[in-house]
């Protein structure tokens, strides 16, 4: 996990998983309750710094591939398009990726359907 703090408050964080060859951003999160444009700028820069540190770590530990996770540049949801733009700003290349979920818990199945996952 990598976290970014500003004035003693965590403003961004990320959980990354690795098998020693590939490293992937599993969860990226930041504050959304910014009051001013300055707050938004600080949080945005904290997110960039967080990913920069993760990429630096991946390079230092000789990982072959750094994966920021999926993007949805043509999504109907504005926040998904914004997230895609943020990730694309780091460069890299698009790769086709497929996900497989096997969920046994009815509660988790309900939650995933509620969150918009299909075919659950």
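Can you list residue pairs whose Cβ atoms sit under 7 Å apart, with the first residue in the range 28-49 being free of Cβ contacts under 8 Å to residues at least 60 places away in the same chain and the second being part of a loop (DSSP other than H, G, I, E, B)? Count only pairs 6 or more apart in sequence or on different chains.
If the second residue must be part of a loop (DSSP other than H, G, I, E, B), the pairs left are 40/34; 43/31; 43/34.
Among the residues of the range 39-70, which ones are in a loop (DSSP other than H, G, I, E, B) and farther than 15 Å from residue 26 by Cβ? So that I can check it myself, show each step before the final result.
Start the filter on the range 39-70 by keeping residues that are in a loop (DSSP other than H, G, I, E, B), which leaves 61-64, 68-70.
Within the range 39-70, 61, 62, 64 qualify.
Does any residue in the range 76-90 that is over 18 Å from residue 31 (Cα atoms) come within less than 8 Å, Cβ to Cβ, of a residue that is assigned to a helix (DSSP H, G or I) six or more places away or on a different chain, and which pairs are these?
Pairs that qualify, where the first residue is over 18 Å from residue 31 (Cα atoms) and the partner is assigned to a helix (DSSP H, G or I), are 90/51; 90/55.
Looking only at the range 73-93, which residues are exposed (fewer than 10 other Cβ atoms within 10 Å of the Cβ) and either in contact with a helix residue (DSSP H, G or I) (Cβ under 6 Å, 6 or more places away or on another chain) or within 20 Å of residue 22 (Cα to Cα) (or both)?
91, 93
Do we have residue 107 as surrounded by 14 or more Cβ atoms within 10 Å (Cβ to Cβ) and closer than 28 Å to residue 31 by Cα here? Reasoning before the result, please.
Details: surrounded by 14 or more Cβ atoms within 10 Å (Cβ to Cβ): no; closer than 28 Å to residue 31 by Cα: yes.
Answer is no for this residue.
Filter the range 29-66 down to residues that are closer than 19 Å to residue 93 by Cβ and surrounded by 14 or more Cβ atoms within 10 Å (Cβ to Cβ) and give me whichever is nearest to the chain's Cα centre (by Cα).
First, the residues of the range 29-66 that are closer than 19 Å to residue 93 by Cβ: 51-52, 54-55, 58-59, 63-66.
Adding the requirement that they be surrounded by 14 or more Cβ atoms within 10 Å (Cβ to Cβ) leaves 51, 54-55, 58, 63, 66.
Working: 51: 9, 54: 11, 55: 13, 58: 15, 63: 18, 66: 12 Å.
Only one residue fits best here, namely 51.
Each value in this text was obtained by applying a stated rule to the coordinates, not by laboratory testing. Source: prediction; values computed, not measured. Cβ coordinates were reconstructed from backbone atoms using ideal geometry, including for glycine residues, and neighbour counts include every protein chain displayed.
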